[in-house]
Amino acid sequence: MVLEATVLIIDNSEWSRNGDYTPSRFQAQIDSVHYLFSIKTNDNPENTVGVIANAGETPEVLVSLTADLGVLLKGMHGLGVRSESHFDTGIQIAQLVLKHRANKYQKQRIIAFTASPIGADEKALVKLGKKLKKNGVSIDVVNFGEHAANEAKLTAFVEAANNNESSHLVTIPPGPHVLSEQIRASPIVGAGGSGGAGGGFDFGVDADMDPELALALRMSLQEEEERQRRGAAAQSGGEPSGAAQQRAGDDGDAVMEDLDEDEQIRRAIQMSLMESQQEGASGDAMANDDLVASLIGSLPGVDPNDPALQSALGSDAAKNNTDNSKDKDKSDSK
């Protein structure tokens, strides 16, 4: 998040009426100004942006440095196409605007559009570029429209102003593309440019187009990173006390939550079968007692309440229980 003050320079000369860019050179610049303002102010809430129109009798400051979108819209309202562009003069006025910025900790940047032939010679532009470099002002130039005629001059100008790859020249030939989309993919807002929030979209999502989705993906990534950090801490011996107490309370068996789905199903089936066997054994014993009592009661001349008979039945039941317990011990030992 770069703390930066940026001045955008619009070329609103008669050359911007041309429709070789969608919908026209002038309107393509207006759309790009709105996009760049959004990128800069979203990158850092303390960033400020100003706008200059460099055509007419003299370049005009439309918007002083601000982070308020309403101020930008009000300042650009009614802007129209005028006569000739003054590229070098507009750069000098932009430098003065940046010099009087309120926050001196902000870095200084100029983004200039040029859609018409530049009248200044290459020597004067190189001198101006060196002055920008000396004063710590970075410059980005969007060369479109008359790009072939301006290529050599602008290349020399940007090279003179460049300091540690902080300045860029972006040449965009005419075509079916949208100018702001080409700027979006350029170093001006890309990985090597100033607006880090605009280029190389996180998760393949443009935060300006779908901020809610970008925020949700970013939060999901942060949660996953936090989960991985906790897992690494647990493996290295820094396990949370709650988890340690839970494991200390177990009887040596794995906690069900720590098992995979197949293992959990297998354990559940095993426990269910054991409960069924225990219920079946108790049910069989009760059924056998009832059967014996009914049979004895149906025999003629036999008293089911005879003490001798009850004693004999009790000894048989105890013997059966002993045999069942032995069989169970043998099966467990196997």
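The values are calculated or read from the model by the stated rules, or taken from the named source; none is laboratory data. Since this is a predicted model, take the numbers as computed values, not measurements. Neighbour counts are summed over all protein chains in view; Cβ atoms, including those assigned to glycine, are modelled from backbone coordinates with ideal geometry. All accessible areas refer to the heavy atoms of the entire protein, side chains included, with ligands and DNA or RNA removed. Shrake-Rupley method; radii C 1.70, N 1.55, O 1.52, S 1.80 Å.
Inclusion of Val61 among residues that are among the hydrophobic types (A, V, I, L, M, F, W, C), under 22 Å from Val189 (Cβ atoms) and crowded, with 16+ Cβ neighbours inside 10 Å is not warranted. Each residue in segment 116-158 was checked for being open to solvent by less than 10 Å² (accessible area, probe 1.4 Å) and part of a strand (DSSP E or B), and 7 pass.
To keep it simple, each residue is scored yes or no on (1) of a type in the set (A, V, I, L, M, F, W, C); (2) touching a helix residue (DSSP H, G or I) at 6+ places or on another chain (Cβ under 9 Å); (3) modelled with pLDDT of 95 or more.
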{"position": "Val51", "(1), (2), (3)": "yes, yes, yes"}
{"position": "Asn54", "(1), (2), (3)": "no, yes, no"}
{"position": "Gly78", "(1), (2), (3)": "no, no, no"}
{"position": "Ser85", "(1), (2), (3)": "no, yes, no"}
{"position": "Ala102", "(1), (2), (3)": "yes, no, no"}
{"position": "Ile111", "(1), (2), (3)": "yes, yes, yes"}
{"position": "Ser116", "(1), (2), (3)": "no, yes, no"}
{"position": "Glu122", "(1), (2), (3)": "no, yes, no"}
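Screening segment 41-58 for residues that are without any contact (Cβ under 8 Å) to a residue 40 or more places away in the chain and either among the polar types (S, T, N, Q) or closer than 20 Å to Leu179 by Cβ (or both) and picking the one that is least open to solvent (accessible area, probe 1.4 Å) gives Thr41.
Considering (1) of a type in the set (A, V, I, L, M); (2) surrounded by fewer than 18 Cβ atoms within 10 Å (Cβ to Cβ); (3) assigned to a helix (DSSP H, G or I); (4) under 40 Å from the mean Cα position of the chain (by Cα), the lone condition that Ala102 does not fulfil carries the number (3).
Whenever a residue of segment 13-40 is without any contact (Cβ under 8 Å) to a residue 24 or more places away in the chain, its partners that are part of a loop (DSSP other than H, G, I, E, B), lying with C-beta atoms within less than 8 angstrom and at least six residues away or across chains, give the pairs Ser24/Asn18.
Is it true that some residue in segment 134-150 is at positive phi and in contact with a helix residue (DSSP H, G or I) (Cβ under 9 Å, 6 or more places away or on another chain)? Break it down into steps so the answer makes sense when it comes.
The initial filter retains those residues of segment 134-150 that are at positive phi, namely 136, 145.
From what's left, in contact with a helix residue (DSSP H, G or I) (Cβ under 9 Å, 6 or more places away or on another chain): 145.
Among the residues of segment 134-150, at least one is at positive phi and in contact with a helix residue (DSSP H, G or I) (Cβ under 9 Å, 6 or more places away or on another chain), which makes the answer yes.
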